[in-house]
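Trainee: I am attaching a structure below and will ask some questions about it afterwards.
The values are calculated or read from the model by the stated rules, or taken from the named source; none is laboratory data. Keep in mind that what you see is a predicted model, and the values were worked out from it rather than measured. Because the Cβ atoms are built from the backbone with ideal geometry, glycine has one as well, and the counts that use them run over all protein chains shown.
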């Protein structure tokens, strides 16, 4: 029998950097803390078998060894190979290859964040102790300044990217506890993502096959109905009278937003299917006129467009009609926001059955919350409401 595959975890951190352990009141190196975390993770069993295999980078603090470039490439290669990347974050970017402006810890973070974001987790280290610099020589002062700039850039990137970070771990015991929880959280998330991808890959049987038997008009209706059932589950009174594809959801800032649902019943490359939706924002004045009777006075509208297959950024831009807009491609599909007319469209990918469609809608709202984008999203929706209201007013007959 073959040996069961293990989940490969990479722990990224400084090695010799120290922090004050709140429990023992002693100074501890991050190298000792991550060794304890490695031992704890590798001791975890599933059905009696080890579940995790943990990789730690070598102690490459001394750049004079001449192994800096191989160590850098080896670490980035390991980031790409790992199933989970766990960063023990104390704000220090680490050593840098000559003429590089980013430290090794910073580069490892960016490698995971930019290419495989769901597998990245961060544990914040409390009470870091900055090393004292003994020499005042000019070359040492320049080296210290470069190190400070690298650390500042690392901290700025972590904060600006709004990465989910654990509570501050003040002891080796808490580092182990928080690290295990973070690894578990990522493993579950990756499992869910894998399940969704597996379900979306099957078009030849089950519900996706049922939808493929429908003609364009009926499939489009099924897609729009599937989006509507999501709103009915999360909002008390989402329906808009006289607008079957219109639904209202109140987001966290307390703003009710009008979402108009559409379905593209074939691949985006099929012109006949794409033209069934066209540029839906051209009818926003009609949609909003029907929603004005609601007591909550929703803002928007925002267009949710279910796509039977994948959708690219170029296809989303063509649907908008011009390229100068915010384009965000993520696991639910593509989000498009125009800064002038305040048009917002959400293209939901792989909506080949009702379940996949609802999952895509849920993934969009999850992204909106996790990326802390709700406030800007609602500001754009309010801007669109004002523009559309002006359009409605201008259509009123003159006295």
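Trainee: Could you tell me which of the residues 257, 277 is under 21 Å from residue 388 (Cβ atoms), crowded, with 18+ Cβ neighbours inside 10 Å, within 24 Å of the chain's Cα centre (by Cα) and at pLDDT 95 or above?
Mentor: Checking each option against the conditions leaves just 257.
Trainee: Here is a follow-up. Within region 291-301, is even one residue within 18 Å of residue 342 (Cβ to Cβ) and either outside the structural domain of residue 338 (by TED's automatic domain parsing) or in a helix (DSSP H, G or I) (or both)?
Mentor: There is at least one residue in region 291-301 that is within 18 Å of residue 342 (Cβ to Cβ) and either outside the structural domain of residue 338 (by TED's automatic domain parsing) or in a helix (DSSP H, G or I) (or both).
Trainee: What number of residues in region 366-386 are in contact (Cβ under 8 Å) with a residue 60 or more places away in the chain and either assigned to a helix (DSSP H, G or I) or loosely packed, with under 14 Cβ neighbours inside 10 Å (or both)?
Mentor: Qualifying residue count, region 366-386: 12.
Trainee: Name the residue that is nearest to residue 184 (Cα to Cα), counting only residues in region 1-10 that are part of a loop (DSSP other than H, G, I, E, B) and touching a strand residue (DSSP E or B) at 6+ places or on another chain (Cβ under 7 Å).
Mentor: Selected residue: 6.
Trainee: Can you pull out the residues in region 11-49 that are part of a loop (DSSP other than H, G, I, E, B), farther than 17 Å from residue 170 by Cα and free of Cβ contacts under 8 Å to residues at least 40 places away in the same chain?
Mentor: Answer for region 11-49, where residues must be part of a loop (DSSP other than H, G, I, E, B), farther than 17 Å from residue 170 by Cα and free of Cβ contacts under 8 Å to residues at least 40 places away in the same chain: 43, 47, 48.
Trainee: Answer with yes or no whether residue 329 is touching a helix residue (DSSP H, G or I) at 6+ places or on another chain (Cβ under 6 Å) and either outside any loop (DSSP other than H, G, I, E, B) or surrounded by fewer than 21 Cβ atoms within 10 Å (Cβ to Cβ) (or both).
Mentor: yes
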